[in-house]
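Written out below as structure tokens is the structure these notes cover.
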Amino acid sequence: MSDKKIENFSATGTTAPVVVAPKKKKAPYPFWLGGVAASIAASITHPLDLTKVRLQASGDKSMITSLKNTVKNAGPRGLFDGISGTLMRQMSYSLCRFWAYDESKKLVVKGSNPPAWQLALAGSMAGGIAGVVGNPAEIIMVRMQGDFAKPPEKRLNYKNCFDGLFRMIREEGASSMTRGMGPNVVRAILMNASQLASYDYFKSQLLRGGYMDDGFGLHFTASFAAGTVATTVCSPADVLKSRIMNASAPGSTSTMQAIRTAIKNEGPMFMFKGWVPAWMRLQPTTILIFVTFEQLKKGVDWWRGDL
């Protein structure tokens, strides 16, 4: 028996059977779409990300001080130090997390209105995978961004992300690519469980409640909320990750040692040091990522003729 649906139609005053073809299932979007969206967003917000890393890893007292020191030491172009490392990170970590999140939802999400915990579980699974895959690029990004905050004699002076990766392996061994992987994976799990999952959750709730239509306003609102949630949840792991990855002295990579030293010198609130620049960086980045991602999906729909 055909799976086409038979309906009655009476627009002309007569009733006649009309054969309506079943709606064609939409093909999956390209797996790299999330990586491209994240790369575009990170390129725009790179100066804020740079400031956040340097504020966490240095003795600068505020975001403004850190910005001034960067411009003073390297000029305005210094605000884009390490941009190649940022792009490498986005096209490894972010590409992987968006792909893995979609795949994880197929495994754990049940029904058309999943509870928040199912989305968070899918985000956690994606974050764990992406945190491992993106760890080498994360190290290179953090080092390149933090380099000019160090005294000249201690700088690494990587030419670009590939030079940094090859030199790291050659000078420190292949095992150096796993430096800080523990806190980085924890942060990736927290980030994706909070950012990706909360965006999906807020978006679905706003749509389901009839508060907003699917469009720019919805994407902006859902991503704004997701960015605030993600910043707060991820701040402790983010601070630890930056300090450990910037470490170079023997024995300085221990997570517990980093925690003990920081609590002794700065108190427990050190884990939220840099929250404001982190929020100011993550908020526009989150908005740009999801708004760009949604527009890229529309572009794919247009190209396929699905609009």
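The values are calculated or read from the model by the stated rules, or taken from the named source; none is laboratory data. Since the structure is predicted, the reported quantities are computational estimates derived from the model, not experimental observations. Quick reminder, even Gly has a Cβ in these numbers, built from the backbone with ideal geometry, and neighbours come from all protein chains shown. For the accessible areas, the whole protein counts, side chains as well, though only heavy atoms, and no ligand, DNA or RNA atoms are used. Shrake-Rupley method; radii C 1.70, N 1.55, O 1.52, S 1.80 Å.
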For residue 81, the accessible surface traced by a 1.4 Å probe with all protein chains present amounts, in square angstrom to the nearest 10, to 30
The helix 116-133 Cα axis meets the longest alpha-carbon principal axis of the chain at an angle in degrees, between 0 and 90 and rounded to 10, of 50
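Given a 1.4 angstrom probe, I'd like the percentage of the accessible area of the chain that is carbon and sulfur, rounded to a whole number.
Details: 10250 of 15860 Å².
After summing per-atom areas, the C and S share lands at 65 percent.
Restricting attention to segment 80-131, which trypsin sites (Lys or Arg not before Pro) occupy a DSSP loop and are surrounded by at most 10 other Cβ atoms within 10 Å?
110
Could you provide, to the nearest whole Å², the per residue accessible area of the chain with probe 1.4 Å? Each step should come with its number before you reach the end.
Numbers: 15860 Å² over 307 residues.
Accessible surface, normalised per residue, equals 52 Å².
Give, as a single signed number, the net charge of other residues whose beta carbon lies under 12 Å from the beta carbon of residue 163, with Lys and Arg counted +1 and Asp and Glu -1.
Details: positive: 143, 159, 167, 170; negative: 171.
Residues close to residue 163 contribute a combined charge of +3.
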For residue 40, the accessible surface traced by a 1.4 Å probe with all protein chains present amounts, in square angstrom to the nearest 10, to 80
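Taking 8 Å as the Cα distance limit and 6 or more residues as the minimum spacing, I'd like the relative contact order of segment 113-217 as a percentage. Display every interim value, and only then the final one.
Numbers: 87 pairs, mean separation 49.4, N = 105.
In percent, rounded to a whole number, it is 47.
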To the nearest 10 degrees, the tilt of helix 63-74 (Cα long axis) against the first principal axis of the alpha carbons of the chain is 70
With all protein chains in place and a 1.4 Å probe, residue 71 shows an accessible area in Å² (nearest 10) of 60
For residue 156, the residues 5 or more places away or on another chain with a placed amide H closer than 5 Å to its own amide H are none
For the chain, the longest principal axis of the Cα atoms and the Cα long axis of helix 95-108 enclose an angle in degrees, to the nearest 10, of 50
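Is there a pair in 105/273; 105/241; 159/241; 72/264 whose C-alpha atoms are over 25 Å apart, and which pairs would that be? Can you show the working numbers first?
On the way: 105/273 33 Å; 105/241 27 Å; 159/241 23 Å; 72/264 31 Å.
Distance filter (> 25 Å) returns 105/273; 105/241; 72/264.
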Length gained, residue 272-residue 216, 0.36 nm per residue minus C-alpha separation, equals 17.0 nm
Neighbours of residue 93 by Cβ distance under 15 Å: Lys/Arg at +1, Asp/Glu at -1, summed charge +1
